[in-house]
Amino acid sequence: MKEITDIIETDNDRETYEVARQMGQKATGGDVICLIGDLGTGKTVFAKGFADGVGVTESVNSPTFTIVQVYESGKIPLYHFDVYRIGDSEEMFEVGFEEYVYGDGVTLIEWADLIEDILPAEYTHILIEKDLSKGFDHRIITVSRVYGG
């Protein structure tokens with residue numbers, strides 16, 4: 001079951017970053033955050049803001065080629081996945097996906113819709129879409145809680 005909990009509109013990268021930073025400040029160990037959106041919608045901007053909110057001090061970039069990047073400088077570990085290049089969700093187990101998702105930190109997954117079949121039963125689903133009718137950088141961020149897988 002998916003329950004929409006919030007719909008947020010932003011007009012630029014700074015506002016998107018700030019929304020994500022505030023979410024990161026509220027993150028707790030065991031949280032799984034799934035980012036969905038087309039290329040260029042702001043998933044990486046969101047990830048950077050979220051990491052800032054968790055307290056990560058290192059530079060944050062999408063781990064497109066390494067699949068996962070671990071940041072331990074924040075209040076809790078942040079496990080940042082970018083699964084854009086994954087051919088099959090089974091490949092995720094080779095990088096220790098379950099250890100991260102069920103670990104002590106917060107897991108942030110860009111392109112999570114590509115591995116939907118292996119996501120935990122409960123997670124936060126964040127859909128980021130652009131609304132070009134309101135400007136090139138206008139985004140609609142729909143936040144939902146998913147229960148029961």
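The values are calculated or read from the model by the stated rules, or taken from the named source; none is laboratory data. From a predicted model like this one, the values you see are computed outputs, not experimental measurements. As a convention, Cβ positions derive from the backbone with ideal geometry for all residues, glycine included, and neighbour counts pool all protein chains shown. Heads up: the accessible areas ignore ligands, DNA and RNA and are worked out on the full protein's heavy atoms, side chains in. Shrake-Rupley method; radii C 1.70, N 1.55, O 1.52, S 1.80 Å.
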Task: Prolate/oblate/rounded label for region 37-118 (Cα gyration tensor, a/c 1.5) - done: oblate
Open item on the list: What would the Debye equation give as log₁₀ I(q)/I(0) for the chain at q = 0.21 Å⁻¹, counting only Cα atoms as equal point scatterers?
Closed with: -1.42
- [ ] Using DSSP to define loop residues, name the GluC sites (Glu not before Pro) in region 1-44 whose beta-carbon has at most 12 other beta-carbon atoms within 10 Å.
- [x] none
Task: Bridge type composition, the chain - antiparallel percent by DSSP, nearest 5 - done: 60 percent
Task: Note, ³J(HN,Hα) from phi for region 22-34, Karplus 6.51, -1.76, 1.60, rounded to Hz, x at Gly and Pro - done: 5, 5, x, 5, 8, 5, 10, x, x, 5, 10, 10, 10
Open item on the list: Run the helix sum for the chain: -39,500 (n - 2.57) per DSSP H stretch of 4+ residues, divided by residue count, reported at 222 nm to the nearest 500 deg cm²/dmol.
Closed with: -6000 deg cm²/dmol
- [ ] Filter the trypsin sites (Lys or Arg not before Pro) in region 67-149 to those in DSSP coil with at most 14 other Cβ atoms within 10 Å of their Cβ, and list the result.
- [x] ARG85
Open item on the list: Please report the antiparallel percentage of the DSSP beta bridges confined to region 69-117, to the nearest 5.
Closed with: 40 percent
Task: Segment GLU116-THR28, length gained on full extension (0.36 nm per residue, minus Cα span) - done: 29.5 nm
- [ ] Collect residues whose amide H, placed 1.01 Å from N in the peptide plane, falls under 5 Å from the amide H of TYR123; neighbours closer than 5 in sequence don't count.
- [x] VAL146
Task: For region 35-50, 3J(HN,Hα) per residue [Karplus equation, 6.51 cos²θ - 1.76 cosθ + 1.60, θ = phi - 60°, Hz, x = Gly/Pro] - done: 9, 10, x, 5, 4, x, 8, x, 4, 6, 4, 4, 4, 5, x, 4
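Output the relative contact order of the chain, whole-number percent, from Cα pairs under 8 angstrom with separation of 6+ residues.
On the way: 331 pairs, mean separation 51.6, N = 149.
Contact order relative to length: 35 percent.
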Task: region 14-143, accessible area per residue, ligands and nucleic acids excluded (1.4 Å, Å²) - done: 47 Å²
Open item on the list: Can you compute the modelled spin-label distance between SER89 and GLU3, with each label point 7 Å from Cα toward Cβ, in nm?
Closed with: 2.3 nm
